[in-house]
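**Q** Submitted below is the structure of interest, expressed as structure tokens.
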Amino acid sequence: MQIINDRKTFILQAKSLLEDEKNLYANLSNLSALFKEYLPNTNWVGFYLLDNEDNNLVLGPFQGKIACVRIPFNKGVCGHCYTTKEPIYVPDVHKFKGHIACDSNTNSELVIPIIQNNEVKALLDIDSIKYDRFSKEEVNTLIELTNEISKLLIFK
Ligand code: SME
């Protein structure tokens with residue numbers, strides 16, 4: 001799998017993109033492009049951010065088709081990830097009760113929380129047209145990479 005084999009290059013690229021830039025939206029934009037490039041058969045890769053004033057998740061930078069702008073904290077795969085503060089991998093989204101179908105081509109989905117100071121600051125959402133797109137090893141690698149990158153992001 002590309003992201004596993006190229007893990008070192010991926011991290012080097014991510015770090016070089018983020019280290020000299022503080023703007024969150026610029027960094028999340030480049031990260032969504034970078035993840036998409038390293039993950040074949042993904043149709044949507046992007047971020048949802050916390051909107052504490054409105055008490056929901058709001059769409060951030062992404063690569064893919066137009067997506068739902070706001071997701072309540074208790075809805076969908078993203079809401080589940082936000083509430084549990086744990087990554088969630090859904091090999092068949094059609095079997096997940098309450099899955100929010102932004103792109104009807106999506107068949108599997110991985111959502112990883114970005115946590116700083118024990119608080120979920122954002123979610124990385126990766127959708128694939130393939131059922132069971134990610135192996136266990138790849139899910140673990142993506143979680144580790146996301147945790148590493150999370151430290152470099154500056155949230156207000
Ligand atoms: N499927 C997600 C919604 C976001 S889109 O996939 C981009 C969910 O169930 O929360």
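**Q** So what's the gap between the Cα centers of the stretch 127-149 and the stretch 18-67, to the nearest angstrom?
**A** What the calculation gives is 15 Å, centre to centre.
**Q** Quick one: Karplus J couplings for the stretch 115-132, per residue in order, coefficients 6.51, -1.76, 1.60, θ = phi - 60°, nearest Hz, x for Gly and Pro?
**A** So the J values, rounded to whole Hz, are 10, 9, 6, 6, 10, 6, 9, 6, 10, 9, 10, 10, 10, 10, 6, 8, 5, 6.
**Q** While we're on this one: Within the chain, which complete DSSP H helices have Cα atoms spanning at least 20 Å along the helix axis and a mean Kyte-Doolittle hydropathy of -1.0 or higher?
**A** Span-like helices in the chain: 24-38, 136-150.
**Q** Take every Cα pair under 8 Å in the chain that's 6+ residues apart, average their separations, divide by the length, and report that relative contact order as a whole percent.
**A** Once divided by the residue count of the chain, the mean separation gives 24 percent.
**Q** Let me spell out the model: positive unit charges on the Cβ of Lys and Arg, negative unit charges on the Cβ of Asp and Glu, origin at the Cα centre of the stretch 1-112. What dipole size does that give, in debye rounded to 20?
**A** Value, rounded to 20: 260 debye.
**Q** For the charge dipole of the stretch 2-150, defined by +1 on Lys and Arg C-beta atoms and -1 on Asp and Glu C-beta atoms about the Cα centroid, which residue among LEU145, SER128, ILE112 has the Cα displaced farthest towards the positive pole?
**A** SER128
**Q** Write down the Å³ per residue value for the convex hull defined by the alpha carbon atoms of the chain.
**A** Value for the chain: 99 Å³ per residue.
**Q** Under 15 Å between alpha carbons: how many lysine pairs meet that in the chain, if sequence neighbours fewer than 8 apart on the same chain are excluded?
**A** Close lysine pairs found across the chain: 12.
**Q** List every residue whose amide H lies under 5 Å from the amide H of PHE73, counting only residues 5 or more places away in sequence or on a different chain, with H placed 1.01 Å from N in the peptide plane.
**A** Amide H neighbours of PHE73: LEU57.
**Q** Same structure again: Tell me, CYS68, CYS78 in order of fewest to most beta-carbon neighbours within 10 Å?
**A** With the fewest neighbours first, CYS68, CYS78 line up as CYS68, CYS78.
**Q** Quick check on the chain: helices-only [θ] at 222 nm, where DSSP H runs of length 4 and up contribute -39,500 (n - 2.57) each and the sum goes over total residues. Nearest 500, please.
**A** -11000 deg cm²/dmol
**Q** Apply the Karplus parameterisation 6.51 cos²θ - 1.76 cosθ + 1.60, with θ equal to phi minus 60°, to every residue of the stretch 102-113 and state each ³J(HN,Hα) to the nearest whole Hz, in sequence, with x for glycine and proline.
**A** Result, ordered by residue: 7, 10, 5, 7, 5, 10, 9, 8, 10, 10, 10, x Hz.
**Q** Around LEU39, which amide H atoms from residues at least 5 apart in sequence, or from another chain, sit under 5 Å from its own amide H, with H modelled in the peptide plane?
**A** Under 5 Å from the amide H of LEU39 lies no amide H from a residue far enough along the sequence or on another chain.
Bear in mind that the values in this text are calculations on the coordinates, not laboratory data. Nothing here was measured: the structure is a model prediction, and the numbers come from that model. Virtual Cβ from ideal backbone geometry, glycine too; neighbours counted across all protein chains shown.
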